[in-house]
Amino acid sequence: MPGWYARSFDSVRGTSTVSQSLQGRTIAVFGVANKRSIAWAIAQRMQEAGAQLAITYQNERLKQEADELIATLPNAQAFQCDVSRDEEITRLFEALKERYGKLDGLVHSIAFASAEDLKAGFVDTSREGFRIALEISAYSLVALARAASPLMTGGGSIMTMTYYGAEKVVPKYNVMGVAKAALEACVRYLAYDLGTNNIRVNAISAGPIKTLAARGISGFGEMLKEQSERAPLRRNVDVNEVAATAVFLASDAGSGITGETIYVDCGYNIMGF
Ligand code: NAD
Ligand code: 0WE
């Protein structure tokens, strides 16, 4: 049995279980802007499961708030990285190699499209708006996976956050829907390439959650209400349910899953009417 695969056997019940512990693992989490960020909930739940964390924020503007937040978490260190800049990615992974030596997991919780592109008709998306949305929201996963894989010497788990607008039209999600469709395809191609190194790559498709990235969107409140009425569980998803799925994917319990998009949306996506 390979060493990384921590199975335990219950001789009384005669069942074997696979550990969801992240003890002894180092995980890099990208995309903490504030306490509402999905990345922040993931970081907290991963720390509770025993992981040592490198947490990144985008820029100087977010530095103070992110630094203060990250300082409250044991075994976590803050780093700055704008994923649109190759030199910042290179510098970050040099720092991670120096500080930790190896990496076991990476969480990508980053998206951006220009505010105008989430208001107008999709048909009016500019060349520049399209480029930016796809570069920040999809290509950055490829760049981070490439930089992280040499550090994942004992295998690893890479995950990203996606949304239903990748596969069905959600009015006003526009170019972000196209970027998420590309992101989900990137997950499958990365899973194929990195599978040889026992690195798994997956996406979590979360239902709508009131974060900074959602707050600016007009009608988001009504959307939450309608979604909760139509979802099989008759409610909206809690950010900690998304974080629990991230812990699962980073743990040995997720060892057989790669290239997948896992819905954490109270079942909303299964409905036809
Ligand atoms: P958020 O605003 O807290 O997180 C988005 C993060 O992206 C921020 O931390 C921001 O700094 C970062 N970012 C943007 N451009 C960057 C760049 N160039 N370099 C580095 N970081 C950059 O909002 P969130 O809702 O937590 O979003 C996290 C992820 O979850 C996104 O991928 C989003 O699409 C996805 N998601 C959100 C929802 C939702 O309803 N909130 C639902 C499904 C998926
Ligand atoms: O992925 C997202 C939002 C991502 C996002 C949000 C913003 C707002 C501020 C990307 N770029 C920006 N740029 C900004 O200037 N979600 C899944 C949340 C979301 O956004 C929507 C949604 C949902 C859900 C936009 C329209 C309709 C539904």
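The values are calculated or read from the model by the stated rules, or taken from the named source; none is laboratory data. Keep in mind that this is a model prediction, so the values were computed, not measured. All Cβ positions, glycine included, derive from the backbone under ideal geometry; neighbour counts span all protein chains shown.
Brief remarks on what is shown
- Residue match in region 220-233 (condition: within 16 Å of ligand 2 (Cβ to nearest atom) and more than 19 Å from residue 271 (Cβ to Cβ)): yes
For every residue, the table says whether it meets (1) of a type in the set (D, E, K, R); (2) surrounded by 17 or more Cβ atoms within 10 Å (Cβ to Cβ); (3) modelled with pLDDT under 95; (4) more than 19 Å from residue 143 (Cα to Cα).
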residue	(1), (2), (3), (4)
158	no, yes, no, no
181	no, no, no, no
185	no, no, no, no
199	no, yes, no, no
216	no, no, yes, yes
230	yes, no, no, yes
236	no, yes, no, yes
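- Applying the criterion of being assigned to a strand (DSSP E or B) and over 12 Å from the mean Cα position of the chain (by Cα) to the residues of region 132-186, the residue that is farthest from residue 38 (Cα to Cα) is 153.
- Of all the residues in region 104-133, those that are under 30 Å from residue 248 (Cα atoms) and either without any contact (Cβ under 8 Å) to a residue 40 or more places away in the chain or within 14 Å of ligand 2 (Cβ to nearest atom) (or both) number 7.
- Of the helices (runs of 4 or more DSSP H) lying entirely inside region 14-120, those containing at least 3 residues that are of a type in the set (D, E, K, R) and farther than 21 Å from residue 198 by Cβ are 60-71, 86-100.
- Residue check for residue 54: in contact (Cβ under 8 Å) with a residue 60 or more places away in the chain and either surrounded by fewer than 14 Cβ atoms within 10 Å (Cβ to Cβ) or more than 16 Å from ligand 2 (Cβ to nearest atom) (or both): no
- When residue 210 is tested against the conditions (1) part of a loop (DSSP other than H, G, I, E, B); (2) within 20 Å of residue 120 (Cα to Cα), the lone failure is (2).
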